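Notes follow once the structure below has been shown.
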Amino acid sequence: MTKPPADSTTRRPTAAEEQPPEVVARAVGRASGGPPGPKARVVRQTGRRERLAIGELANRSGLAPSALRYYEELGLIRADRTSGGHRQYARSTLRRLAFIRAAQQVGLTLEETGRALSRLPEDRAPNATQWNAVARTWTRRIDERIEELERLRERLTGCIGCGCLSLRKCALYNPGDVASNSGSGARYLLGDDPEPRSEGGR
């Protein structure tokens with residue numbers, strides 16, 4: 001009985017191909033000069049990129065490329081250039097951007113944010129201790145902002161010295177719009193101290 005002809009499109013896997021993935025990873029690590037073992041395996045499985053193009057950074061951070069370029073101009077983040085002139089950002093820039101957005105949400109200016117970020121190293125990703133040191137520099141500013149918001153919440157339910165004279169409290173705290181004597185705008189929100197007055201009196 002004759003044997004069926006061998007299929008030229010099939011072949012037996014080589015010994016290397018039959019090895020478990022972690023063994024292959026170790027071999028890759030040794031061949032590239034890096035340490036074998038779990039570290040090589042992680043790199044092989046995740047394929048994480050340490051440098052991001054501006055479009056990739058924008059997509060991951062949720063910020064427009066124009067905002068990234070602006071932050072770069074202000075020195076809040078930095079980019080390297082490829083031989084073709086394209087921006088390349090370290091992956092650790094994502095944490096800086098998250099810090100910038102959080103700072104803006106609590107009312108810090110970009111100048112204040114820049115002073116805080118200036119404490120961090122630019123040539124490598126900051127560690128947890130360094131980030132904690134930065135956070136302490138703006139804890140007081142956050143507390144001040146919280147107090148400002150609490151005062152705003154309290155005042156918005158009463159007379160704010162805007163001249164509307166639509167609430168009962170306006171007759172007590174801003175009779176006849178006396179707050180306008182101090183200038184335009186909602187005077188009591190701007191910092192003027194409202195004092196109860198008798199209606200029509202001083």
Using beta carbons and a limit of 6 Å, which pairs, at least six apart or on different chains, have the first residue in the stretch 107-119 and farther than 16 Å from Leu97 by Cβ and the second one surrounded by fewer than 16 Cβ atoms within 10 Å (Cβ to Cβ)? Gly107/Arg145
Need the failing condition index for Gly183 against (1) at pLDDT 85 or above; (2) surrounded by 12 or more Cβ atoms within 10 Å (Cβ to Cβ), just the number. (2)
Filter the stretch 131-180 for residues that are open to solvent by less than 80 Å² (accessible area, probe 1.4 Å), among the charged types (D, E, K, R) and farther than 28 Å from Leu120 by Cα and give the result. Glu148, Arg155, Asp177
Inside the stretch 12-125, counting only helices (runs of 4 or more DSSP H) that do not spill past its ends, which hold 2 or more residues that are modelled with pLDDT under 90, more than 30 Å from Ile146 (Cα to Cα) and open to solvent by less than 60 Å² (accessible area, probe 1.4 Å)? 21-31
Give me the pairs, please: first residue somewhere in the stretch 161-185 and in contact (Cβ under 8 Å) with a residue 24 or more places away in the chain and within 17 Å of Glu195 (Cβ to Cβ), second residue anywhere and crowded, with 16+ Cβ neighbours inside 10 Å and of a type in the set (S, T, N, Q), beta-carbon distance under 6 Å, and either six or more positions apart or on two chains. Gly161/Asn174
(1) at pLDDT below 80; (2) among the hydroxyl-bearing types (Ser, Thr, Tyr); (3) farther than 19 Å from Ala103 by Cα all hold for Tyr188 apart from (1)
The number of residues in the stretch 151-167 that are modelled with pLDDT of 85 or more and either in a helix (DSSP H, G or I) or in contact with a strand residue (DSSP E or B) (Cβ under 6 Å, 6 or more places away or on another chain) (or both) is 0
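The values are calculated or read from the model by the stated rules, or taken from the named source; none is laboratory data. As the structure is a computational prediction, the values presented were derived from the model and not from experiment. Cβ sites come from the backbone with ideal geometry, for glycine too, and all protein chains shown count toward neighbours. Heads up: the accessible areas ignore ligands, DNA and RNA and are worked out on the full protein's heavy atoms, side chains in. Shrake-Rupley method; radii C 1.70, N 1.55, O 1.52, S 1.80 Å.
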